[in-house]
Structures are given as structure tokens and as C-alpha cells.
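Below is one structure, written out as C-alpha cells; the observations come after it.
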Amino acid sequence: MKLASLKDGRDGRLVVVDRRLQKCVAANGIADTLQHALDEWDNLLPRLRELAEALESGRRRDAQPFNPRLCAAPLARAFQIADGSAYLSHVELVRRARGSDMPPEFKTEPLMYQAVSDSIMGPMDPIIAADEAYGIDFEAEVAVITGDVPMGSSAEEAAEHIRLIMIMNDVSLRNLIPAELAKGFGFFHGKPPNAFSPVAVTPEELGSAWKDGKIHLPIISTYNGREIGRPDAGADMQFSFPQLIAHAAKTRPLGAGTIIGSGTVSNYDRSRGVSCLAEIRMIEKIEQGESKTSFMKFGDTIRIEMKDGAGQSVFGAIEQKVLAA
């Protein structure tokens, strides 16, 4: 089942989308918003599935063309977003470029930060920045939306609370981050609002591509019309989504509608390209002594998408242009 939120008020209007991302139908009478559906998931899921089946079979005469440009993020605002860093190939590259070794505990406990959740960009919304000197960058990621997760849940228990899966652009202002981290208190200005795919899908919709709490498909980043990466999101993921959720729930319960991000998708096989400009710059620094590629400029565009084995877009594409505030 595929769900989306059309722009309508602060929280969007929930629609069910067909598998080919061509048609949609409003979830009227079931749930007005995705958050409403998540709050009553066990009761409403059967009715949403019936609606999806009717749409797929052509029995819904009220179906409308699906236009991702009319979409907010599936959750237009969320109670919580916690973004991890599950791909150690990315973490190691960052530290190598700085001349630092990776601490051994990074292999056993994930990194995680609290992201902006009250202001989330839709898949076609522009990235607004005040200054190119901030070091504007994209990060292609996968994310899940959870149901209610009790505090102290194990990874095995956390797996049962994954409701939906999306892709994500974790926008970063790279040149603001070092000074913030140097203060010893984490990200703030360096991590502005993120964007998510037009649709979120249930795990069973992914079939065999969803295995062991990971999605085994390439995530494709196209920067200014040129593909620069398609790393496999299932390969080299040190921490699965159930493990990331369990880590987030270590000291607190997670409410329905919590979003957990994977961190920048990255493979040790560098021939698969990159999911952010920072990786290009780090490779340049390691191999050539200095970073030559610039971060994003006003007018630049980024497209992030994931396709199945048949070439069908799974979540629809994130397509964003950088604009000056």
C-alpha cells in the first residue's frame, strides 16, 4: 500500500496511491491525515487496504490523477525525527579526511541526532538558504515511520512497529556544522528542514527488497541533471532500522509518527558513486590533498529516487532546487 499527503492545511490530506504512482483516491471517512491513520493504525489499516485494492482494480470512480507536485511530505509535520548514521563507509570517509581514526564503539552503537520536525519540506519544495557560504548539501537517505514504540524495546520488538518506509533528503549546511560540534552540544543551524518522497509505502509493498529491516535497492542521486550515485541501501548498512529504532527508544517511548532516518546511504564500493557532495569533497581531499568540488549553489537541482527491479519508481522522486532566501 502506498500513501501520500496532498497539500491542504498544516498536515495535508491523506490519499491512497496506486502502485504505478498514476492515480490516487482520498481516504475520506477513514483518516483525514496520515497522523490520524498512524494513531489508529490497527483499526484503520484494513479499511485503507480495502481502499487501495479498490483503487488498484479500477473500481474507484472517484480516483484522480496523482501529481507529486501537489504533495506535502507524507507527514507534513511530525512529532519527532531522529536521524541516524548507519553507513560506516560514510563515517569512515569523514574521519579519514580529517586525519582521524574511527572509534571502535561506532561499530556497536549508532550515531543519532534530533532533526527538524515541525517544518518538513514536500518532495518538490525548494531548498531555501540565506547564504551559499553555509555549504549547502543534500544527503540521500531512507527513512521509516513508526507506530508507538515502548521505551526499552529490543530490535526484534522494534521491527514490529515499522509502519511505513520513505526516502529522504537530509539537507545539511556543512560549513556551519564544525563550529557547532566544537561546542560539544550537537547540530542546530547546520541541519535545517528535510524533504521526503511523495509517497510512503508499507513494508510488504517492497516484497523481497525489504529484508532484515533494510531496503535492498539502489538510491539514485541526480545532481544538476547528472547521475552521481546509486549505492545499494541494503549493502554496508551497519545498523538496521529495528536497531536504529531500539537505540532511539533506549531512554524514552517513541510516539506514533516518529520518523527514523538511516543517514547518508554509502557503499564501500566507490564505483557506485555518492549520496552527497561532502563525500566527493572528502575523496578529493584524501586523494588530491584538497577538496575541489563546491557545495550547492543557488539554482542547482537535486533529484533523489529509488526504483525496483522492473524500473518502476517506488516512492516517487524528491526534486528540489536551491533558492536564495
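The values are calculated or read from the model by the stated rules, or taken from the named source; none is laboratory data. Since this is a predicted model, take the numbers as computed values, not measurements. A quick note on method: Cβ atoms are made from the backbone with ideal geometry, for glycine too, and the neighbour counts reach across all protein chains shown. Ligands, DNA and RNA are excluded from the accessible area calculation, which covers all protein heavy atoms including side chains. Shrake-Rupley method; radii C 1.70, N 1.55, O 1.52, S 1.80 Å.
Three principal axis extents of region 132-185 based on alpha-carbon atoms, in descending order, are 43, 26, 14 Å.
Given +1 at the Cβ of Lys and Arg, -1 at the Cβ of Asp and Glu and no other charges, the dipole of region 179-231 around its Cα centre is 220 debye to the nearest 20.
Once you order the gyration tensor axes a ≥ b ≥ c over the Cα atoms, which shape class does region 1-65 get: rounded for a/c under 1.5, otherwise prolate or oblate by comparing a/b with b/c? It is oblate, given that a/c is not under 1.5 and a/b is not larger than b/c. Between F185 and Y268, residue separation times 0.36 nm minus the direct Cα-Cα distance comes to 26.9 nm. Which aspartates and glutamates, on any chain, are close to K292 with Cα under 13 Å apart, when same-chain ones fewer than 8 places away are left out? List returned: E279, E284. Model label sites at D118 and A310, defined 7 Å from Cα along the beta-carbon direction, differ in position by 4.4 nm.
Taking amide hydrogens as placed 1.01 Å from N in the peptide plane, the amide H of D8 sits under 5 Å from those of R13, each at least 5 positions away in sequence or on another chain.
Across region 133-145, coupling constants 3J(HN,Hα) worked out from phi with the 6.51/-1.76/1.60 Karplus curve, θ = phi - 60°, read 5, 5, x, 6, 9, 9, 9, 7, 9, 10, 9, 10, 10 Hz, and Gly and Pro carry x. Of all beta bridges that DSSP places with both ends in the chain, some 90 percent have antiparallel geometry. Only Lys, Arg, Asp and Glu carry charge here, each on its Cβ (+1 for the first two, -1 for the last two); on that basis region 22-119 has a dipole of about 480 debye about its Cα centre.
A run of the chain free of exposed loop cleavage sites, with GluC sites (Glu not before Pro) counted only in DSSP states other than H, G, I, E and B and at most 16 other beta carbons within 10 Å, reaches its longest extent at 161-289. Helix 41-57 axis versus longest C-alpha principal axis of the chain: approximately 80°, rounded to the nearest ten. Across region 171-187, coupling constants 3J(HN,Hα) worked out from phi with the 6.51/-1.76/1.60 Karplus curve, θ = phi - 60°, read 5, 10, 9, 4, 6, 8, 6, x, 5, 5, 5, 5, 6, x, 10, x, 6 Hz, and Gly and Pro carry x.
Taking Cα atoms only, the orientation of helix 88-97 departs from the longest principal axis of the chain by about 30 degrees. About its Cα centre, the chain has a charge dipole of approximately 660 debye under the convention of +1 per Lys or Arg Cβ and -1 per Asp or Glu Cβ, with nothing else charged. Measure nothing fancy, just the Cα-based angle from helix 277-288's long axis to the longest principal axis of the chain, in degrees from 0 to 90, nearest 10. Between helix and principal axis, roughly 30 degrees.
Once both labels are positioned 7 Å from their Cα atoms along Cα-to-Cβ, the gap between T293 and T251 label points is 3.6 nm. Assuming a ≥ b ≥ c are the square roots of the Cα gyration tensor eigenvalues, decide whether region 26-173 counts as rounded (a/c under 1.5), prolate (otherwise, with a/b larger than b/c) or oblate. Because a/c hits 1.5 or more and a/b fails to exceed b/c, region 26-173 counts as oblate. Summarising the label geometry, the points placed 7 Å from Cα in the beta-carbon direction at A54 and D8 lie 1.6 nm from one another. Percent of Cα pairs in region 133-225 per distance bin of 5 Å, from zero to the largest separation: 3, 11, 16, 17, 15, 16, 13, 7, 2.
Hey, quick one: spin label on N175, modelled 7 Å out along Cα-Cβ, who in region 192-212 has an amide N within reach, i.e. under 18 Å? Residues 192 qualify, since their backbone N sits under 18 Å from the label point. Each of W41, W210 has its accessible area taken with a 1.4 Å probe; listed largest first, they run W210, W41. Close amide H partners of I81, meaning residues 5 or more places away or on another chain with modelled amide H under 5 Å apart, are A115, I259. Remark on M124: its backbone amide H falls under 5 Å from those of E319, a criterion applied only to residues 5 or more positions apart or on other chains, H modelled at 1.01 Å from N. Straight Cα distances below 20 angstrom link K191 to the lysines K183, K297, K321, with same-chain residues fewer than 8 positions distant left out.
The heavy atoms of F188 present about 150 square angstrom of accessible area, all protein chains included, probe 1.4 Å. Along the axis of the charge dipole computed for region 185-325 (Cβ charges of +1 for Lys and Arg, -1 for Asp and Glu, origin at the Cα centre), the listed residues T293, S197, S262 are led at the positive end by T293. When the residues T251, T202 are ordered by accessible surface, computed with a 1.4 Å probe over the protein chains alone, the sequence from largest down reads T251, T202. Solvent-accessible surface of protein heavy atoms, probed at 1.4 angstrom with all chains present, puts H216, H189, H90 in the order H189, H216, H90, largest first.
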